[in-house]
Each structure stands twice: as C-alpha cells, then as structure tokens.
Amino acid sequence: MSYIEFKDVVKEYKMGEVSIKALNHTNFTIEKGELTVIVGPSGAGKTTALNILGGMDTVTSGKVLIDGKDISTYKGKALTKYRREDVGFVFQFYNLVQNLTALENVELATEICKDSLSPKEILKKVGLKDRMKNFPAQLSGGEQQRVAIARAIAKNPKLLLCDEPTGALDYNTGKQILQLLQDTARKENMTVVIITHNSSLTPMADKVIRFKNGEAYDITTNPNPTPIQEIEW
Amino acid sequence: MKKTLIKDSFREIRYTFKRFLSILLIVFLGVGFFAGVKATSPDMEKTLDAYFDQTAAYDIEVLSTLGLKDEDIAKLKEIEEIENLEASYSVDALVHTDSKEIVVKVSSVPETINNLTLLQGKLPEAKQECVVEESFLEGTGYQIGDTITIEPEMLQDEEGNDTSMLTETEFTIVGTVQSPLYISHSRGSSKLGSGKIKYYLFVPKQAIDFPFYTELYMTVKDVKQLNTASDTYTDTISEIKEKVEAVGETRKQERYDEIVAEANQKVEDAQKTLDEEKQKAETELSDAEKQIADAKSTIESSKAEVNSKERKANQEFASAEQKLQEAKEEIEQGEASLQEAKKQAETKITEAQTKLEQLSTLQEQYTKITSGLETLQESLNNIKEQIQKLDPEKQKAEIAVLEKQQKELQAQQTTLQAQKKQIETAITSAGLQPDAIASTIATIQKQIETANQELTSKETLLNNSKKEIETQEKALQSTKKQTQTQIANARAEIEKGEQEIAENEAKLEDARKEADEKIADAQTKLDDAKDKIKQIEKPEWYILTREENQGYVEYLQDADRIANIGKVFPIVFFVVAALISLTSMNRMVEEQRGEIGTLKALGYNKVQIASKYILYALLATVIGSVLGMCVGFQLIPGIIIDIYGMMYTIPETVIEFNTYYAVTGLLAALLCTVGATIYTCVKELMGTPAKLMRPKAPKPGKRVLLEKIPFLWSRLKFSQKVTVRNIFRYKKRFLMTIIGVMGCTSLIVAGFALRDSVTSMIPSQYGEIFKYDLQVSIRDDITREQIEEEAENLQAKDSVSDVIKVNMQAVTMEEPSSNQDIQLIVPEEVDRLQDFIVLRDRKKPDTVYSLSDTGVILTEKLATLLDIKVGDTIRIKNSDDKEVEVTVDAITENYLLHYIYMSPNLYNTLYGENVRYNDILGKTTELTEEKETKLATEILQNKDTVSGVTMLNSTQNIFEEIMGNMDLVVWILIIAAGLLAFTVLYNLSNVNISERIRELATIKVLGFYDKEVYNYVTRETVILTVIGMLLGAVMGYFLSMFIIKTCELDMLMFDVRMSAVTYVLGITITLVFATIVNIATYFALRKIDMIESLKSVE
C-alpha cells in the first residue's frame, strides 16, 4: 500500500446552476520519501488536489489515504489536527508573518506541534544561520521562501506540500529553493509534493503526475531523477 | 468618469457590500445622532413656537394690583406695535368633589388671544357651561355633561366689598381644552384650599360680572414669524414692553389720582355731611336749650307769683286772725264777766243750796224717824200679839226672846223719839215750822233756778259768739289751708317744672355729649379715611412676557438642557464615527493599490482613478448621512420631545428637517470619509504604476521597546510576544481601537454619572440636607404671639413631631453682585436648626457647621457662581432694601436653589431690627400621601394666620418628575453610546480581519485550531479594548464633569457622584459589546477560507 493514495476523488464546485468538477475521478499514489511533481495547465485541478492533500479542502467523493488514514472523512478539528501534525505547507508567496522574525516565524509553527524540530537547527540547515533575527521585510524573496520551507519542515511533517514554490522567485533563486526541497526529501526522507506549471522541472522528481481537466492522466516514475542543478528552463 | 469606471465602482460596492454598509452605518449613526440630538433643542423651540403661533398666544400680559379698566385698554391700544389686545378675567376657586376640595383657576374663555385647543366636546356657549382641562376629568372622575359647583374666591370690588366674580355657581362641563398658558403641570399657587392650583377651567364671559378686568393679554405685530425662543423675539418684546411700561406709568398715576380723587371726594362729601349734621345738631341743641331757658323763666315768674300770692294771703290771714283775736278777746272778757256773774250767782246758789240741803236733810231725817217710829210700833204690836198667842208656860223661852225683842224695840223707840225731838227743836230754831220747810225749799229752789237760767242764757250768748268766732276761725283756717294747698300745689308744679327742666338739661347734656361723640367718631373715621387716602398705594402694573410663564420657561430651560447635552455627546459620538469611517476608507484604498496601479498603467488620470473611491465614499456617506438625518431628525427629537411631552401639554410636536445641522453633519461626515479617501488616493497615486502593481511591501516587522528589556521579554510566552508585536504593528488601528473604546466607555460613564448626579440630587437635597417635611408660611400681619401660638398648635398635632420658627426672605446680593434668587433663612433657635436643615461640608460630611453671631453660611452653588470663599465679605440687601456687610463663615452643601443662613442675633445686630419669624418648618411622623394632604388642609384651615403650606414631598415629587425625564434622556445617550461602541469594535475587528486575512489563513493552514486563531487575533483586541476602557473611565470622569457643568442650571448643583458602580457599568457595558463583537469575530475567523493564503498579494 502506498503512503499516499488518491482514490477516485471527485471535487465538485457548485456555482449556482452550474457545477464544475475540479477533480473528476482522480487517482494517484505517492510513496513515502518520494519527491513528486504535479504539473498541468492552469485550471487542471492540481491546486485542488494539493488543497485536499493538505487538509485545506474536502472531497465531494472518493478517498484520500495518508499513511493508511482516510483524511477524506476528517472534518473540522480532526482536519486541523492533521494539518497541524502531518502537513508542512510552502506557499508561492511565502506567507510569512511580517511581524515576526525568521526564527519566530518558524517557532510559530513549532509552538503548536508535538514532535517539532529545533527551529534554529532547521534555519541553519536552510542556510539562514545569520538571518534568524531578521524580519521578513529584511530578507530577499529566496531567503523568505527558505524561512517558509524551514517553517514547514520544522514541524517534522509526514508530507511537505509546495504550491508553486518558485513562482515568485527569479530563476537562480528558484533553483536554489528547489535544490533545498530536493535535498530535504533526500536527506530527511520526507515525502514532498511540488505543484508547478513548469513541466521542465519534472526531471528532478521521483514521480511526475500530469493533470489535465481534473484528471491525473499521466503518472510516470523516474528512477533516476536529475539533480536540479542540471536542469535548465 | 468613464462608464466602465462607474460600473466598476458600483460593482466594488456590491462586492464589498459589508464594508460599504459598515461605513454607511457608522456615518448613519454619527450623523443621525449628531443631527438628531442637535436638532432636538431647536425642534423643541419650534414646537413651542408653532403651538404659540397657532393659539395666538400672548406676547405681553398686563396685571394690576387694582385691576384693569377700559381706559387702560384704550391707552394700550395706542401703542402702534400692539396688534391685538384682549381683556380677560380669572379667579381662583374651589370645586368640591365627593372626597375633596380642589383648587382651580377659572378664567374667561379667550376669544382672540391664547386660543383654546378643543380636545373633546364643544366650547361653552351658555353661561352655565364650562370647559376643563383633560386631567381635570381624569383627576376628579367627572365626565363631559356633568355639573360642577364652583365656589370662587371672594374678591374686593372698587368699594372694597367682597364680591363673587361669577354670576353662576353651577356649571356644566361641555368639553375639554388645552390652553397655551399652561403647558407645564404647574398651575401656580392660590390662597385657597391646599394652596396649590390643580386644574384650570374656562367659563364664558357672560358668566362673569366684575367691575374690572384681571388681566390684559396682548400680541405684538410682526413677531409671529419670529421664533419665540430667539433673542430677536425677546429683544423685540422687551422694546414693546418698555412702551407698555411707559403707558403703565401714566395709567398707574392716572388711576391712582382717580382713586385718590374719588376717595377724597367721598371724604369731602362725608365731611360736608358731617359738618351739616354737626350744625343741625348744634341748632337742635340750642333750641332745646332755649326751650329749657324759657321754661325756667316761666317757672321763675310763677314762683314769684306764688310767693306774692302767699304773702298777700298771709297778710290777709294775719288781719283776719287779728280780728278774730280781738273778737276772741272780747269773748274772753265777756266770759270773764260771765264767770264773775256766775261765780256770784253760784255763790248765792250754793248758799241757797246749802240751806236747801240742810232743810232737806232735816226733813228727810224727820220723815225717816217718824216712819221708823211707826215701824217700831208696828213691830211692838206684832210682838205683843205673838206673846199673847203663846202659852206662857210652854213657850216660855220663846216668850222670853220676844220679850227681849220687845224691850230692845222699846229702847229704839225711846231713842228715836229723842231724836225727833231734837230735829223738831232744830227746825224750830231755824225759824221755821217743820211744816213750812217744804215751801221754803221750793222758794229757794225757784231762786236757784232763776239764777241758773240767767247764767245759762248769758253763757249761751257767749257760747254763740264763741261759736261764731270759731266758725270764723275755722273758715279762716280752711281758707288758709286752701290757699296754702294752692300755693303748695303751685310750688310742687314749679318744682316739677324745675325737675323737668333739670331732666331736660341732663338730657340735653347727654344729647350734646352724644352728638359730640358721634361727630368726633365720624371725624376720626374721616380722618382715618383721609389718612388712608394718603396711604393708598399706587397701583402696581405687572407687565409680563412669555418669559414669566412658568411652563414656557421650564420648557425652554429643558430645551436648553438638551442643547447643552447636545454640545458634547454627539460630537464625541461623531468624532469616533468619523475616525472609524476614515480608517475603513483608508484601508480600502490601500487594499486596492494593485488596481489603482493597473488603471494608472492603462492611462487613467489621477482624478479619474480617485473618483472611483471618492464615489464609493461619497455614496456611503451621503446615503448614510441622509438616512441618519431622516431617522435622527425624526427619531431623537421625537423621542425626547415625547418624553418631555409627559410633562408638558403641547398638542403637536414639530419635527423639522434642520438644514443647518444637516449640512454641518453631512459636511463633517464627508470631510472624514471623502477627505480620508482623497488623502489616501493622493498618497497612493504618487507611486508609479509598476510600483503600485507590485504588492505593497508589507509593513515591516519591528522590534518593540519591550524587547530591549530582555528580562521581561524573555519571560513572555511566544504567543504573548506575538501579541505584543502585533499591538505595536498596526499603530493606526491601535489608536483607533483605543480612541473608539475610550470614547464609548467615557460616553457611557458620563451618561451614568450624569444620571446618578441628576437623580441623586433630589434625595440628597430632600433627604440629607432638608430634613423637614413641611413649611408653613405665616401671613405678614400676624403678631409674634400668634406665630408662637401657631407653632404650638402645630407642635401639638399628632402627626407633627417637631417644629422650628424661621424667617425666610428673598434677599439680593450687591457685592459681589448677582441676579440669583437667594433666600435668607434665620432660624429662631440656632442650635436646633440642624434637626431641620443640615449645614455641612459636601466633601467632608462629618464637618457640621453651626451658625455663629459673627458670620453667615452660604450654599455651595451660590459661592461657586459668585466666586466667594470662606472669610470673604459679602453685602446682602434684605427685602426692606437695607443693605449690610457680613463675612462668610462657611460654605454648605446644597443642591437646589440658593440660601444664606444667618443667626437671629446677627440679624438683629446687622439690620437693627428684631427678626420677624414668618415661616414654620416642621417634621412629621411617617405619613401617607393622603394623610399629608389632610394635614396640609388642616393647617390651612387657620386662614387668619397661615398663608400657605408646602409639603416637601410634593416639591420633591415635582423635581423628581423633571429629573425622571432627564433620566430617560440619559438612558437614550447610554444606549446610543453602547451602540456606537458595538459598531466601532465590530468595524475595527472587520478591518483587522480583512487586513490580515492572508496571515490568518496561513496560520490556519499551519494547523492553528479555531480557538488559537481567535486568540491570535483577539488577544490584542482585548488588550486594546481594556486599555481603551481604562482610559475611557478616566476620560469619562472629565467628560462627566464637563457635561455636568454644562448642563447644570444656575439654580441647582448636581450631586456629582462618580461612584464605582458608574465605572463598573461603563466598563461592563463596553465589555458586553466587545464580547458580542468578539463572538462575531470568532465566527468570521472560522469562515476565513484557507485558500486565501494561496492567493497572490494584491
């Protein structure tokens, strides 16, 4: 049994009379420790899938099994608890709390979770040893995203979800961030899911899931992922 | 503005309808409250004005101490500005119902001025009909159609006789009315019954018969269009009033002259009559005197006559008597000679008689002896016979006896024969023969007889003449007697006449005395009358304007009070509301910077871009303001006037759209919202499109001051650190929240404080300061003893526990000068005053003052108003206009009206006269209202002494009623402030959430539970709210002081009580609203979609 199983998931949004199926009987699985990249054009349903994986949204039908637990049945507090303990989230726009320093932003996450890692250690790991006391406004975009990643992984989650983590970054910085994510997955044996519309990133992944019209139409595994440094786009 | 942009604007409104609505609502509240409260006072004034215009209420009223006459009317009509004038009558009267007597004011139905508003039924037409005020029916249980008996107060007519003004006593109620003269519940006081007029009623003029009018009402030209509460009106009227006063001056003099002349004429006439009568009396008296004198002389002459008569008579009598005497003497002579002759004759006779007698005796003896001898013979014969007859043997004893007798008889015979011989010898010796004796005797007897006859005839002759003389004498005597009687009678008559004269003289004396007395009396009376004329006081004219109408003044004062509250409350309210809308708009523009950039990039100019937001703000503000005005202008004055309406009878409330406050409110609101919008737009539009389209650099985090104190900072929990940071992160919101909450709390605190101060004033004054329950006013013309007696009477009543006599008089202060009404109170017993009135320091209630003989005690508000301190010297002018200088000993706690307390000794020393006690203060036992009324009526029975009774409870009730209404107004303020608190907090919370929605969505994604998210946000709000509340409590104190001082009237002092409860209530109410808002926030936070976190920064 796979670590993550997305089984026949349907997500339907009702806009008055019209109902739009963001996910239409989608199926995929992800193994533990895999770095998965989900690609597809805008509106293909990849973000919806990520939201559901991250416990931010619920399914209309189907099952979502994470480490054997069916989170599609979770509601309210259980769902929050799942987010709190099992998921790390990296946003396209970092979503750091501006009023808190890099360290504090990490602490914001670790404060509420049981098996958290040391915020300072994590920040050191992401290469921000010297910027810990800086406020987000005092950091560059890449550095801010590093803080965000640190915040996500400090919780020691089962699953690290990244929504267009490089979307707001320049090429090089984006590369560094992806490198960090790849390294993290490798070193920490963390299950990482990255959403991107940039299909040129696919070689870095262990598994590539392609979305189109709410369906995962193509799932390929990549036994030898390309290091990010070698990928050009 | 381009079409698309307009479309965009409206769509923006639709999408952000909540925000639009919140701005609209806050503007609505702010403007509505501002406009409403502000408009209330003018609306009240207009309501009054409209009512007075509609009923053609008087502008000037004239009263006179001597009533008013047609001449007065004629003179007043000459004043050009007087539009209309109507004379009217009114009198206090009693109406008896089953259970009580009620004092009413009966007036004539007005025709053109002070028109009545008919509520039910019809106006009176016949003279037995009347109309009453509505509460009369409610209070007495009478109905339209019932008949009541009215007993009017007796008034003096021109001759000073008591007359009834009304021709009828029974009136049928035909309708109910309202009069503009009585808009408040106060109807004034009366000398009748309980002393308080309860209702008014009107009767037609036909039912009134009185020689003069009691009031004149006038309206002035061209003032109807003026607001009666305006200065222009007051100024205009005071100008006319001066003219009326001028007329008053002349008419007063004329009327005075007229009355004096009339009185003088009367006195003169009386004097004339008196003089005439005096003359007449004198004439009569002298006539009587003359008559008496005549009588006297007549008597004198008759007296003389009588005397002469008497004399004459006496003379005559004397001569007659003399003659008689002479005759008597003659007779006496005759008698004497007669006597002589008699004597001679008698001697002869006696001689003869003696002879005769001797002879007779001899004869007799002879005869006797002869007869004796014969008898003896016979007896001897008898005895011889017997002896013979008898046997000489046998009857020897008897013969012896007989023989003895024979012997004795023979002896006797022998003796007798001897005697016979002797006599015969005697006779023979006289020359006589014993046989001739008889003839001699006869001769002698004949001689004696003749002598006797002679004497008798002589005697008879004499006796006759004697008798004659006697008769004459008798006749003389009787004549004399007769004459004497006549004279006596005449004398008696004279005496009687004299007596009569004396009596008449006495009578005359009496009559004279009486007449003199009468004349003197009449003269005294006349002199009195003359004196009285001198004392006739000039009639006083009282020229009253509406400002002397109690209801009118009270109403306007209430309007002023509302205006005073309106000075502060709505402004605080408005400022808070303005700040909030400002924040909202500012936030909105900032949120839309991306769009602004886009539009700018598309080539729209600044004005076009800004116009979208301006339109947004403008729409929200205008709609909010207009709605606010509509509701505010309608609702708030409506509610407040309705509340005051309970105290006043004004039929229709005028609620106007007050353009001034509408424009002010709208402009102020626009300044805040549109101004804020323009400011923010201008600031944003300065940037280049590219910069604008890029997300605005989020506000950088900063270290706060607290972090520099590691000692404290390290102690804080992570979440607390976050909160501390956040608090200082949004300084604008920080300020807004604090100011908003502070404003609300302070408004609520002030509201409660005002309410407490207002409501506690009455219990403080009447419970703690004035401990007496009743005040009995004594008439002016009462002696010390009568007051003493009245006080004792009062004290003797069961329901009265204690009394004290005081002098109360209105005084004025010259230095420092004041136009306040001040009462001077001088208690009889200084020591006992504290049982009735407590003099103490408000701040230290244990410090009780007592009156000294060197200084006075002043009430606090008076001291404050005139800036008088303990030790200052003030000058007090008493009601007799005597002014004295005195030092202030102490300043005492007091809430209503102004008083100066002085000891009687000091009064006597200062004013140089003994203080006259004219009031009695009394304490009662616990009494029901009914018993109190009964007691008042009972005391008033003593009309000769008592002029009025005031029960403090009733005074307290009136004030409580007024203050009760104030209380309601304050409640409105509190509720409004609470609403504002709610709106402010809700709005701020919304702004807070919308501003930080990404952050909140993110922490939700991070797995914060709902409660943690809530705490993350609201912890800071709570802290800010608490800070705001505490500051608000402090500010509430100052605001309270300010408002209280502004609202306070000169005549009273609020009992400023900033009790802990006030603060607790202020804080609690704010907390309640904050909690409601926080609950709403909790749900709003739950609704936040985590997807928001994924969105790009706009």
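The values are calculated or read from the model by the stated rules, or taken from the named source; none is laboratory data. Predicted, not measured: the structure shown is a model, and the values here were computed from it. Note: ideal-geometry Cβ built from the backbone for every residue, glycine included; neighbour counts use all protein chains shown.
Observations
- Subset of region B:512-569 that is of a type in the set (S, T, N, Q) and in a helix (DSSP H, G or I) - its residue that is nearest to B:I972 (Cα to Cα): B:N564
- Residue within region A:58-66 that is within 9 Å of chain B (Cβ to nearest Cβ) and either closer than 26 Å to B:V1013 by Cβ or in contact with a helix residue (DSSP H, G or I) (Cβ under 8 Å, 6 or more places away or on another chain) (or both) present: no
- The condition (being more than 23 Å from B:R729 (Cα to Cα), away from chain A (no Cβ under 14 Å) and in contact (Cβ under 8 Å) with a residue 40 or more places away in the chain) is satisfied by just one residue among B:M1041, B:M1029, B:M1058: B:M1058.
- When B:L66, B:L119, B:L123, B:L85 are checked against the criterion of being surrounded by fewer than 17 Cβ atoms within 10 Å (Cβ to Cβ) and part of a strand (DSSP E or B), a single residue qualifies: B:L119.
- Of all residues in region B:1002-1015, none satisfies being more than 14 Å from every other protein chain (Cβ to nearest Cβ) and not aliphatic (A, V, I, L, M).
- B:E101 vs. criteria surrounded by fewer than 16 Cβ atoms within 10 Å (Cβ to Cβ), in the same structural domain as B:T163 (by TED's automatic domain parsing) and more than 30 Å from B:Q253 (Cβ to Cβ): yes
- Residue match in region B:770-778 (condition: away from chain A (no Cβ under 14 Å), in contact with a strand residue (DSSP E or B) (Cβ under 8 Å, 6 or more places away or on another chain), charged (D, E, K, R) and outside any helix (DSSP H, G or I)): yes
- B:F1038 being at negative phi, aromatic (F, W, Y) and crowded, with 17+ Cβ neighbours inside 10 Å: no
- Entry remark, region B:211-247: residues being within 34 Å of the chain's Cα centre (by Cα), part of a loop (DSSP other than H, G, I, E, B) and over 22 Å from B:L556 (Cα atoms) number 2 in total.
- On inspection, B:T937 passes the criterion of being surrounded by fewer than 16 Cβ atoms within 10 Å (Cβ to Cβ) and either of a type in the set (K, R) or on the phi < 0 side of the Ramachandran plot (or both).
- Condition met for A:F211 (of a type in the set (F, W, Y), closer than 23 Å to B:S1093 by Cβ and within 14 Å of chain B (Cβ to nearest Cβ)): no
- Taking the criterion of being at the interface with chain B (Cβ under 10 Å from one of its Cβ atoms) and more than 20 Å from the chain's Cα centre (by Cα), the residues of region A:103-126 that qualify are A:E104, A:E111.
- Scanning region A:85-95 for residues that are buried (at least 20 other Cβ atoms within 10 Å of the Cβ) and at the interface with another protein chain (Cβ under 8 Å from one of its Cβ atoms) turns up A:V87, A:F89, A:F91, A:Q92, A:F93, A:N95.
- A:R151 falls short on exactly one of the conditions (1) in contact (Cβ under 8 Å) with a residue 24 or more places away in the chain; (2) basic (K, R); (3) more than 12 Å from chain B (Cβ to nearest Cβ), and that condition is (3).
- Qualifying residue in region A:169-184 (condition: more than 12 Å from the chain's Cα centre (by Cα), at the interface with chain B (Cβ under 9 Å from one of its Cβ atoms) and in contact (Cβ under 8 Å) with a residue 12 or more places away in the chain): no
- Some residue of region A:72-84 being in contact with a Pro (Cβ under 7 Å, 6 or more places away or on another chain), surrounded by fewer than 22 Cβ atoms within 10 Å (Cβ to Cβ) and more than 8 Å from chain B (Cβ to nearest Cβ): no
- Residue count, region A:128-148 (criterion: in a helix (DSSP H, G or I) and within 13 Å of another protein chain (Cβ to nearest Cβ)): 7
- Candidates B:K797, B:K844 - the one that is loosely packed, with under 13 Cβ neighbours inside 10 Å and among the basic types (K, R): B:K844
- Test: residue in region B:941-952 that is over 30 Å from B:D560 (Cα atoms), surrounded by 15 or more Cβ atoms within 10 Å (Cβ to Cβ) and among the aliphatic types (A, V, I, L, M): yes
- Search result, residues across region B:1073-1090 that are in contact (Cβ under 8 Å) with a residue 60 or more places away in the chain and assigned to a helix (DSSP H, G or I): B:F1073, B:A1074, B:I1076, B:V1077, B:N1078, B:A1080, B:T1081, B:Y1082, B:A1084, B:L1085, B:R1086, B:M1090
- Sole residue being of a type in the set (A, V, I, L, M), crowded, with 24+ Cβ neighbours inside 10 Å and assigned to a helix (DSSP H, G or I), chosen from B:L5, B:L48: B:L48
- Unique residue being surrounded by 13 or more Cβ atoms within 10 Å (Cβ to Cβ) and without any contact (Cβ under 8 Å) to a residue 60 or more places away in the chain when the list is B:V132, B:V174: B:V174
- The strands (runs of 3 or more DSSP E) located wholly in region B:833-903 that include 2 or more residues which are touching a Lys or Arg at 6+ places or on another chain (Cβ under 6 Å) occupy B:883-892.
- Considering region B:861-877, and only residues there that are crowded, with 19+ Cβ neighbours inside 10 Å and in contact (Cβ under 8 Å) with a residue 60 or more places away in the chain, the residue that is nearest to B:N908 (Cα to Cα) turns out to be B:I876.
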